[in-house]
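Rule-based calculations on the coordinates, nothing more; no lab input. Quick caveat, the model's predicted, so the values are computed rather than measured. Cβ placement follows ideal geometry from the backbone for every residue including glycine, while neighbour counts extend to all protein chains displayed.
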Amino acid sequence: MTVAAPSHLTARERARRAARGGASRSVPAPLLAPALIAVGFLVLPLIGLLIRAPWGRIGAALSGADATQALILSLWTATTSTAISLVIGVPLAWVLARTSFPGQRLLRALVTLPLVLPPVVGGVALLLAFGRTGFIGQYLNSWFGLTIPFTPLAVVMAETFVAMPFLIITVEGALRSADQGFEEAAATLGARRMTVFRRVTVPLIAPSLGAGAVLCWARALGEFGATITFAGSFPGQTETMPIAVYYALETDPDAAIALSLVLLLVSVIVLVSLRDHWLRGGSLS
Amino acid sequence: MTRGDGDGLVFDAEVRRGGFTLAVGLTAACGEVLGLLGPNGAGKSTLLSAVAGLTPVSAGRITLAGQVLDDADAGAFVEASGRPVGFVFQNYRLFPYLTVAENVAFSPRARGQGRQEARSAASHWLDRLDLADLAGRKPGQLSGGQAQRVALARALAGQPELLLLDEPLSALDAGTRLDVQAELKRHLADFTGPCLLVTHDPLEALVLADRLLVLEGGRVAQEGTPAQIARQPATDYVAKLVGLNLYAGEADGGQVKLTGGGAFVVAGTGQHRDVLVALRPSAVVVSSQRPEPSSARNTWPAKISGLTLLADRVRLDLEGPPHALVDVTPAAVAELSLRPGSEVWLTAKATDLEVYPRGNSQAG
């Protein structure tokens, strides 16, 4: 074996390697080219959105009656479904994380299924269950005169169906990894189980609870497939922002782009608020 | 083993956890600090956890002041939250998101006091443990010694009738440990109920405990006052802890034939046949030549297998028989040219050999 020919190492690179250790950081060409294509593919469309944005008329485009209605509807339905998810999803996450019973794995699979299920299938399923002739809907209709499909309530239900699993898996993971020593300590201090949950468990997982809620809210805000299937698209009633964007693209492209920019801005804010959770370069937890 | 239901804690139970079984009978009187000493995995923490109600017992029962906390045969169990217990955990487990004052107010609040009452109970304990200045801090901003005091204040604020301390000083660095230890001793003296103190540090046990119970492999290996245990260790583990040589043997007149080979002339063996002999490492004299006959009755050749420097002395590990640990000065090591492999003569006076019956763990 012989010594290979020396390559050039700059003083700066020498200092970097000395300080941080490790080998060369230069990227081999067979990896660099596909990586750049991937970056372009992900970033260029967003740049296109920014280039085509009617910057001068954004205010006007957004203040159109349909756009404003869609914005308001989206905000309150996403917020309501997040609240519902917190109220019923967090207890479910606790049950999944802290108890064991037969069929628990199956239950976990079922409640997280909407994560991978095409949303439109979720919409169809909701329609078949809660529709006017659905196996639950028919009783709601005949006993209480309640019709859910194509109402704002249907929007909230569709969004909750799709978004709540994000909250559940985030919170369940946090509950599993939380140090149960604190809960034991609370018990020896006289706290009953519900007090332990309220005063120890929830504060301990608060960061994950917040992240899960933001994620859930963002998913609800962007929901399209299940909503349009189960709730339709009546302006002011069930036409949320993503649906409004979809229809506006044909009739009023400027409004569509302006609404898209709003959604993009919201997404960036969500990402920044989740940075400690997601952008540390680690895994999703 | 039957025990009356006294005022204090009576634990007479088995706890099975996986393949490990803890089977212990003990009592701790009011105002008594009972030290639980033992190697890792001896079951010390399991015992505390059973007393606190974090682990149910598999057989037997636990009572406090005559009231049942856990009774496997009757199926009675008081949940942890319903036991008048104060628990200071090994790493304190202070709630990181609460201030010191809120941590201390946690127990009064959880035990049903109003917000205002709980706060004033907390400030009472903060004053008492000299923590008033730290009331607004979060646990992350405390030093180890401060966190230890907060943990104690939090446990005491619930007005427990029984105090459990799991290695309360082990998280501290050596520098602060002695100060905190002295302080802890003062606070334990003020506590009127029974107190169980788990430790694996013999010095901590000797200083803080009124009585010691040595656990090994889930069983009581020895029970007695710190003085008794320091003088007459019952097992090799305890002998090592208190720094004595320990030999098992058979008494025969003024002699003890040692199980591991060799024999000692002793001052008196009493009526017992199976005995233990304890010998202080500093009571043995090392000579490079066979010593002249003297009043010291035990002389035997040995070979040095190891030397360890301990502060101001050197501990020699010697192969006998009988084997021995012997302490000499560094100067003696130099003058006698002691090194691994050296052949030396050891001498011990019969009166320096502590002889006591074996198999009697001074259970009381």
- Elements of type helices (runs of 4 or more DSSP H) in the stretch A:1-73, at least 1 residues being more than 30 Å from A:SER267 (Cα to Cα) and among the small types (Gly, Ala, Ser): A:11-20, A:29-52
- Please give the strands (runs of 3 or more DSSP E) falling wholly within the stretch B:229-319 in which 2 or more residues are farther than 19 Å from B:ALA350 by Cα and over 28 Å from the mean Cα position of the chain (by Cα). B:298-310
- Qualifying positions in the stretch B:115-137 - within 12 Å of chain A (Cβ to nearest Cβ) and charged (D, E, K, R): none
- Message: Looking only at the stretch A:202-223, filter to residues that are crowded, with 19+ Cβ neighbours inside 10 Å and within 11 Å of another protein chain (Cβ to nearest Cβ); which one of those is nearest to A:LEU117 (Cα to Cα)?
- Response: A:ILE205
- Message: Can you find a residue that is more than 10 Å from chain A (Cβ to nearest Cβ) and under 22 Å from B:CYS30 (Cα atoms) anywhere in the stretch B:72-83?
- Response: yes
- Item | Residue ID - farthest from B:PHE89 (Cα to Cα), chosen from residues in the stretch B:122-166 that are acidic (Asp, Glu) and loosely packed, with under 15 Cβ neighbours inside 10 Å | B:ASP133
- Task: Search the stretch B:84-104 for residues being of a type outside the set (Val, Ile, Thr) and over 31 Å from the mean Cα position of the chain (by Cα), and hand back the single one that is farthest from the other protein chains (Cβ to nearest Cβ).
- Result: B:ALA101
- Filter result for the condition that a residue is hydrophobic (A, V, I, L, M, F, W, C), within 14 Å of another protein chain (Cβ to nearest Cβ) and assigned to a helix (DSSP H, G or I), over A:ALA191, A:ALA187, A:ALA226, A:ALA244: A:ALA187
- Top-ranked residue of the stretch B:154-175 - restricted to ones that are within 13 Å of another protein chain (Cβ to nearest Cβ) and acidic (Asp, Glu), ranked as farthest from B:SER120 (Cα to Cα): B:ASP166
- Do the conditions hold for B:GLY112, that is, is it free of Cβ contacts under 8 Å to residues at least 12 places away in the same chain and within 14 Å of chain A (Cβ to nearest Cβ)? yes
- Selection count, the stretch B:35-45, where residues are of a type outside the set (Lys, Arg), crowded, with 22+ Cβ neighbours inside 10 Å and within 26 Å of A:ALA186 (Cβ to Cβ): 2
- Message: Looking for something assigned to a loop (DSSP other than H, G, I, E, B), in contact (Cβ under 8 Å) with a residue 12 or more places away in the chain, touching a Ser or Thr at 6+ places or on another chain (Cβ under 7 Å) and more than 14 Å from every other protein chain (Cβ to nearest Cβ) - is there at least one such residue anywhere in the stretch B:45-59?
- Response: no
- Message: Looking at the stretch A:173-182, can you tell me whether even one residue there is within 14 Å of chain B (Cβ to nearest Cβ), closer than 30 Å to B:LEU163 by Cβ and in a helix (DSSP H, G or I)?
- Response: yes
- Tell me which of these A:ARG132 doesn't satisfy, since it passes every other one: (1) part of a helix (DSSP H, G or I); (2) more than 19 Å from the chain's Cα centre (by Cα). (1)
